[in-house]
């Protein structure tokens, strides 16, 4: 692990190689590619592969999956050039173990007001966790802000990424409240679903980088499959 003085940043829901490269150039640590068919940000593996090739090797490529079979996740990760996967459904610990056995870096999505809960983290053995509230109809934050301080205790013992309702104007507040290792943003920096507003991305990254953390930061995003 290594400590830095600012949170790592994941920009999620990219669909365009040029926009992904621009996010990386502005300082994103990771790019999130969604493979959930019901999402308006869903990408095909060939499209994801083009985005991966547009990114520098220092930026992680994280595939977001919801209740997909392990073999489909493994094949998609290989074809898309992913460096890690994020499980954002009701996947059990056995799925994390199978993906680890396939050599994949795994982030598991957990909720403070839903299932699977942050209380279940010990049984998962994931490399890191993405924590949000579980409000709204779709998996993910649904652009809803919540009481981020509810995640602070979790972060004392688990590496985690904070998500849900984050935006340029509240990023610093959320980081101070939750003390995460990383932050994840999608809809708040979009001009349309899957199409980022580069100025909004720039504002979000600047807000995060200007927020010096008083807590140790554990490195989550690697540009290969190296675990914590």
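Quick look at the values:
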item: Where residue 114 falls short, out of the listed (1) touching a residue at least 24 places away in the same chain (Cβ under 8 Å); (2) assigned to a loop (DSSP other than H, G, I, E, B); (3) out of contact with any helix residue (DSSP H, G or I) (no Cβ under 6 Å at 6 or more places or on another chain); result: (1)
item: Failed condition for residue 70, given (1) in contact (Cβ under 8 Å) with a residue 12 or more places away in the chain; (2) farther than 19 Å from residue 159 by Cβ; (3) under 18 Å from the mean Cα position of the chain (by Cα); result: (3)
item: Filter result (farther than 15 Å from residue 91 by Cβ and without any contact (Cβ under 8 Å) to a residue 12 or more places away in the chain) within segment 117-132; result: 119, 122
item: Hits in segment 85-109 - residues which are within 17 Å of residue 61 (Cα to Cα) and either assigned to a strand (DSSP E or B) or free of Cβ contacts under 8 Å to residues at least 24 places away in the same chain (or both); result: 85, 86, 87, 106, 107, 108, 109
item: Matching entry among 114, 164 (being buried (at least 24 other Cβ atoms within 10 Å of the Cβ) and modelled with pLDDT under 95); result: 164
item: Matching residues, segment 146-184, being within 12 Å of the chain's Cα centre (by Cα) and in a helix (DSSP H, G or I); result: none
item: Residue 50 surrounded by fewer than 19 Cβ atoms within 10 Å (Cβ to Cβ) and touching a helix residue (DSSP H, G or I) at 6+ places or on another chain (Cβ under 6 Å); result: yes
item: Among (1) assigned to a loop (DSSP other than H, G, I, E, B); (2) modelled with pLDDT under 95, the one test that residue 82 misses; result: (2)
item: Among (1) over 21 Å from residue 85 (Cα atoms); (2) surrounded by fewer than 21 Cβ atoms within 10 Å (Cβ to Cβ); (3) touching a helix residue (DSSP H, G or I) at 6+ places or on another chain (Cβ under 9 Å); (4) at pLDDT below 95, the one test that residue 195 misses; result: (4)
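Yes/no per residue for (1) under 28 Å from residue 53 (Cβ atoms); (2) modelled with pLDDT under 95; (3) surrounded by fewer than 17 Cβ atoms within 10 Å (Cβ to Cβ):
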{"residue": "70", "(1), (2), (3)": "yes, no, no"}
{"residue": "86", "(1), (2), (3)": "yes, no, no"}
{"residue": "98", "(1), (2), (3)": "yes, no, no"}
{"residue": "110", "(1), (2), (3)": "no, no, no"}
{"residue": "120", "(1), (2), (3)": "no, yes, yes"}
{"residue": "133", "(1), (2), (3)": "no, yes, no"}
{"residue": "136", "(1), (2), (3)": "no, yes, yes"}
{"residue": "139", "(1), (2), (3)": "yes, yes, no"}
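Conditions (1) assigned to a loop (DSSP other than H, G, I, E, B); (2) more than 18 Å from residue 107 (Cβ to Cβ); (3) in contact with a strand residue (DSSP E or B) (Cβ under 8 Å, 6 or more places away or on another chain); (4) in contact (Cβ under 8 Å) with a residue 24 or more places away in the chain, marked per residue:
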position: 5; (1), (2), (3), (4): yes, yes, no, yes
position: 10; (1), (2), (3), (4): no, no, yes, yes
position: 15; (1), (2), (3), (4): yes, yes, yes, yes
position: 19; (1), (2), (3), (4): no, yes, yes, yes
position: 25; (1), (2), (3), (4): no, yes, no, no
position: 31; (1), (2), (3), (4): no, no, yes, yes
position: 38; (1), (2), (3), (4): yes, yes, no, yes
position: 47; (1), (2), (3), (4): no, yes, no, yes
position: 52; (1), (2), (3), (4): no, no, yes, yes
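The values are calculated or read from the model by the stated rules, or taken from the named source; none is laboratory data. Keep in mind it's a predicted model, so treat the numbers as computed, not measured. Neighbour counts are summed over all protein chains in view; Cβ atoms, including those assigned to glycine, are modelled from backbone coordinates with ideal geometry.
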